[in-house]
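Where a number appears in this text, it was derived from the coordinates with a stated rule and is not lab data. Computed from a predicted model, the values in this text were never measured in an experiment. No Cβ is skipped: glycine too gets one built from the backbone with ideal geometry, and neighbour counts run over all protein chains shown.
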Amino acid sequence: MDRVTDALARVRERLDAALARAGRPPDSALLVAVSKRQPASAIREAYAAGQRDFGEGYAQELRDKARELSDLPGLRWHFVGHLQLNKAKYVAPVAVLVHAVDETGAARELARRAPGPLRCLVEINAGSEPQKHGVAPADAASLCRDLLALPGLALAGLMCLPPAGRPARPFFAELRALRDSLARELSAPLPELSMGMTEDFEEAIAEGATLVRVGTAIFGPRPRAG
Ligand SMILES: *Cc1c(COP(=O)(O)O)cnc(C)c1O
């Protein structure tokens with residue numbers, strides 16, 4: 001078996017087992033294969049093995065790969081990188097879900113450029129790390145209100161990237177609690193929780209993740225940029 005095909009099968013097995021342990025239905029979480037800095041050939045391999053959802057982290061790379069792989073029907077692109085205002089134009093035409101919106105300006109630009117209501121998530125700076133992207137939990141309600149008012153966007157939930165080197169699970173539990181309280185406060189459903197990567201996606205499933213973003217476990221180490 002091909003390396004990617006084999007690795008993908010193992011990740012799917014782990015995902016199914018984690019869902020079963022959590023008492024969740026088998027298809028209640030979506031595996032997003034994070035292919036940033038990986039060649040188009042690796043994406044073709046995963047696609048041939050049945051994978052349809054792919055995540056990219058750099059806007060121009062997403063634009064270029066979407067062009068290069070436009071012959072693959074049903075392939076869905078997720079943008080998992082930090083959304084910058086001047087790059088929204090590359091993301092809006094091709095993405096089905098933008099995982100990491102953290103300010104109104106970039107969101108407005110995304111809404112303006114989107115061909116139809118574009119699903120997006122708000123990134124929460126779960127560990128309150130000053131160098132990290134994402135909005136502070138205390139500011140999330142206000143940003144969510146702004147996004148809910150934009151007709152070009154469909155706010156669907158929250159995303160986080162917990163601090164490195166610390167147990168991730170408490171941050172996943174906090175994200176879920178924050179989602180629950182925002183959904184009540186804003187009377188919006190917010191069904192999606194994008195959390196969990198190669199190191200911790202099983203813990204994220206245990207805390208209710210509906211989208212896990214897995215790169216290394218599927219594609220191997222990322223080639224260096226440039
Ligand atoms: C790169 C990246 C991932 C994938 O990380 P792995 O550890 O390789 O699974 C997930 N989410 C985001 C936001 C990323 O930038």
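Amide H contacts for Arg76 (H built 1.01 Å from N in the peptide plane; partners 5 or more residues away or on another chain; cut-off under 5 Å): Asp53, Phe54.
Given the convex hull over the Cα atoms of the range 33-161, what projected area results after averaging over all orientations, in nm²?
Seen from a random direction, the Cα hull of the range 33-161 projects 7.8 nm² on average.
Each helix, a run of at least 4 DSSP H residues, gives -39500 (n - 2.57); summed and divided by the residues of the chain, these come to -11500 deg cm²/dmol at 222 nm. Rounded to whole numbers, the Karplus 3J(HN,Hα) couplings from phi for the range 165-179 are x, 10, x, 7, 4, x, 6, 5, 5, 5, 4, 5, 5, 5, 4 Hz, using 6.51 cos²θ - 1.76 cosθ + 1.60 with θ = phi - 60°, and x at Gly and Pro.
Computed from backbone phi, the HN-Hα couplings of the range 204-218 come to 5, 4, 4, 9, x, 4, 9, 9, 10, 10, 10, x, 3, 5, 9 Hz, rounded to whole numbers (Karplus: 6.51 cos²θ - 1.76 cosθ + 1.60, θ = phi - 60°; Gly and Pro given as x). Ranking of Glu109, Glu56 by neighbouring Cβ atoms within 10 Å, starting from the fewest: Glu109, Glu56. The amide H of Leu153, built 1.01 Å from its N in the peptide plane, has Leu118 as neighbours under 5 Å, considering only residues 5 or more places off or on other chains. What does the net charge come to around Glu45 if you take all other residues with beta carbon closer than 9 Å to its beta carbon, with K and R at +1 and D and E at -1? Local net charge: +1. Summarising the amide proton neighbourhood of Ala126: residues at separation of 5 or more, or on other chains, whose placed amide H is nearer than 5 Å comprise Leu161. The alpha-carbon of Lys36 sits under 18 angstrom from the alpha-carbons of these lysines, leaving out residues fewer than 8 places away in its chain: Lys65, Lys87. Three principal axis extents of the chain based on alpha-carbon atoms, in descending order, are 49, 39, 32 Å.
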